[in-house]
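Right, one structure below, let's go through it.
Values quoted throughout were computed directly from the atomic coordinates according to the rules given, and no laboratory measurement underlies them. All values derive from a computational prediction rather than experimental measurement. Reconstructed Cβ throughout: ideal geometry from the backbone, glycine too, with neighbour counts over all protein chains shown.
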């Protein structure tokens, strides 16, 4: 209008946003012919029966044998087949219990738990945990591909919804563990949209582990796989020492001594043969002094400890100078043995000692050993109680880390890495009544492994020193 006024009919009214469901059904809906619907369901039915021999080969074969026996012999056929199968199964269980449990009992357990525990509660647990995805008013859930049982845990293989990431499950391991009434939950990434949820059924590390047997000879000592105790799956926990450095963190009484003495015990024949030398730094004068006769060098005062570390640095640099341009990988020999520097309470030298010069020298020597010693046969096995950066700022120079019981949740990530708790490493929740229990994270591995170190008693250390003395004579 020329006068600037307009009537109500000419005014443009703002339009509200159109909801997604309205757009979805705004076009005319064409009726699908019944023949296509029937054909689609027949195809799905055929695909289901065609996949049965692949998904369930044993069950399909059993059903086929029963049907064939009924066809050929009548009711006597299935009765005869069941009788033979029962007698054969009992004989198998009697004479080969291990293979029977692997191929029959655990498979049957996986089938039962897959249906009764996981598939039955899958939707409510994932919805409440916030792992269900919605799009256009439809709900999409990750799908269970398979459920298998081991001796100690259930492994649920899951196919993720496109667009989701494994980190969503890693952030909700506590929700999943409680939802399926398991003591813990760990997430293993197998590939794109493919993960495995591991739910322990019981704790195989609840009972103390006696000191492991000493190898018979130096030839039986594998410095890349020293037997230390047990993993949570029942296998032997083996720790690499040659070619790496190991940091052990845990509060008082968590079992740091068990880790240190288990490593020394596993190397005992090589120590006696002169292929391994141990230099022990023991500021507390309690843990390592009990077996000082086993060590090449031992120090317990601050000045002596720093001198020992600086001596190890000088020896390492001398060996590196001899190896330069000639040798790339160290092999223990009598002339150039594998040198292990054991530090019982490293924080005393790096943070707690009042002399600033002592702290500076100790930290410089440790930094040199951990940054240059791997390739020339020097390893540092260090233990501390407080893993904070202001106490120990050399954590990143230790490729392999062992987290025993810790005080705070944040300390777990300080020791094992920023995503350790998301992957199930709850070292701050370890019970004080199970010393030696820890989570281990190795160089190049993303998954922490729960282990328990064997307990090496005073009597075991006495026997070790006595055997070393007899060997020396």
| said: Give me the extension gain from residue 356 to residue 238: residue separation times 0.36 nm, minus the current Cα-Cα distance, reported in nm with one decimal. | reply: 38.7 nm
| query | Where the centroid of each part is defined by its Cα atoms, how far is region 229-252 from region 313-379 in Å? | reply | 21 Å
| remark: Helix 76-95: inclination vs the chain longest Cα principal axis, degrees, rounded to 10, gives 10 degrees
| said: Could you tell me the center-to-center distance, by alpha carbons, between region 73-92 and region 417-471 in angstrom? | reply: 49 Å
| note | Length gained, residue 318-residue 123, 0.36 nm per residue minus C-alpha separation, equals 63.8 nm
| Degrees separating the helix 356-372 axis from the principal Cα axis of the chain, which is the longest one | 60 degrees
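Give the order of 71, 122 when sorted by the count of other beta carbons within 10 angstrom, beginning with the fewest.
On the way: 71 9, 122 18.
Lowest count first: 71, 122.
Compute the FRET efficiency between residue 111 and residue 190 as 1/(1 + (r/R0)^6), taking r as their Cβ-Cβ distance and R0 = 35 Å, and round to the nearest 0.05.
The pair residue 111/residue 190 has a calculated efficiency of 0.95.
Starting from the Cα gyration tensor of region 145-196, multiply each eigenvalue by 5, take the square root, and state the resulting semi-axes largest first in whole Å. Kindly include the intermediate steps, with their values, before the conclusion.
Numbers: eigenvalues 69, 40, 13 Å².
Over the Cα atoms of region 145-196, the semi-axes work out to 19, 14, 8 Å.
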| remark: Placing each pseudo-label 7 Å from Cα in the direction of the beta carbon, residue 93 and residue 167 end up separated by a distance in nanometres of 4.8 nm
| query | region 261-288 to region 164-221: how many Å between their Cα centroids? | reply | 30 Å
| query | If you take the Cα atoms of region 207-261, find Rg, then find the Kirkwood Rh from the mean of 1/r over all pairs, what is Rg/Rh? | reply | 0.97
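Please compute the alpha carbon radius of gyration of region 221-361, then divide it by the globular-protein estimate 2.2 N^0.38 Å. Two decimals is fine.
So the Cα radius of gyration is 1.11 times the expected 2.2 N^0.38 Å.
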| Most exposed first by the Cβ proxy, i.e. fewest other Cβ within 10 Å, how do 386, 462 rank? | 462, 386
| Reciprocal of mean inverse Cα separation for region 255-299 (Kirkwood radius, Å) | 10.8 Å
| request: Report, in degrees rounded to the nearest 10, the 0 to 90 angle that the Cα long axis of helix 57-73 makes with the longest principal axis of the chain. | output: 50 degrees
| Volume of the Cα convex hull of region 104-199, divided per residue and given in Å³ | 91 Å³
| remark: Here the gain from full extension of residue 284 to residue 34, 0.36 nm per residue of separation minus their alpha-carbon distance, amounts to 81.6 nm
| task | For each of 242, 121, count neighbouring Cβ atoms within 10 Å of the residue's Cβ, then give the residues from fewest to most. | result | 121, 242
| request: Mind pulling up the Rg/Rh value for region 218-472? Radius of gyration and Kirkwood radius, both on Cα. | output: 0.94
| Equivalent ellipsoid semi-axes - Cα gyration tensor, region 53-95, angstrom | 20, 17, 4
| Per-residue ellipticity at 222 nm for the chain, helices alone: DSSP H runs ≥ 4 residues times -39500 (n - 2.57), over residue total, nearest 500 deg cm²/dmol? | -11500 deg cm²/dmol
| field | Relative contact order %, the chain, counting alpha carbon pairs below 8 Å whose residues are six or more apart | value | 14 percent
